[in-house]
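Written out below as structure tokens is the structure these notes cover.
The values are calculated or read from the model by the stated rules, or taken from the named source; none is laboratory data. Just so we're clear, the structure is a prediction, and the values are computed from it rather than from any experiment. Cβ atoms come from the backbone with ideal geometry, glycine included; neighbour counts cover every protein chain shown.
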Amino acid sequence: MRIYVASSWKNQYQPALVETLRLVHHQVYDFRNPSPGNEGFAWRSCTKTRPPWTAAELSEVLEHRNAKKGFELDMAGLKWCDVCILLLPCGRSAHLEAGFCAGSGKPVLVYARPEERFEPELMYLTFGARGALFDDQIKLLARLDQLKMFKARQAAAPAAKKPAKKKKAAR
């Protein structure tokens with residue numbers, strides 16, 4: 001499966017999850033290394049001023065070519081993926097990425113390590129039947145396998161034939 005791991009630069013477990021997913025033969029978009037030779041987007045590549053910023057300052061920074069390139073890479077990853085894993089703890093960007101995937105009809109799986117404590121989020125119910133909250137990596141991988149099999153069955157199913165349209169009688 002093609003997987004987008006939405007998380008935070010501060011999440012020390014993100015690289016290990018990406019590696020684990022790749023070891024079990026998934027393709028994974030890694031925002032820390034989105035393309036060969038690219039070490040991911042950083043705000044410091046756009047300005048020397050550290051956040052927090054005003055809305056006007058943020059608008060200016062978002063116009064920077066590096067911000068646009070970082071956005072394009074991440075957005076391409078979001079459109080490319082079959083499923084999103086929201087790796088907790090994470091911030092606003094990761095939650096926006098998961099929301100984009102959910103809104104695109106893609107499954108979103110929320111994963112938190114068993115010892116991880118985090119603020120509750122009612123809107124995780126948005127992921128409904130398409131996703132679940134996991135604290136066990138084995139169960140997370142098993143759910144990915146289920147999604148992979150479901151996708152394969154869908155691809156193998158013959159396309160439903162559309163009923164022929166009736167021709168209108170000439171008058």
Which numbered condition in (1) without any contact (Cβ under 8 Å) to a residue 12 or more places away in the chain; (2) among the hydrophobic types (A, V, I, L, M, F, W, C); (3) touching a helix residue (DSSP H, G or I) at 6+ places or on another chain (Cβ under 9 Å) is the only one that F41 fails?
(1)
Within the stretch 60-101, which residues are under 15 Å from R2 (Cα atoms), of a type in the set (G, A, S) and touching a Phe, Trp or Tyr at 6+ places or on another chain (Cβ under 8 Å)?
G77, A98
Kindly evaluate K168 against the criterion of being on the phi < 0 side of the Ramachandran plot, basic (K, R), modelled with pLDDT under 90 and surrounded by 11 or more Cβ atoms within 10 Å (Cβ to Cβ).
no
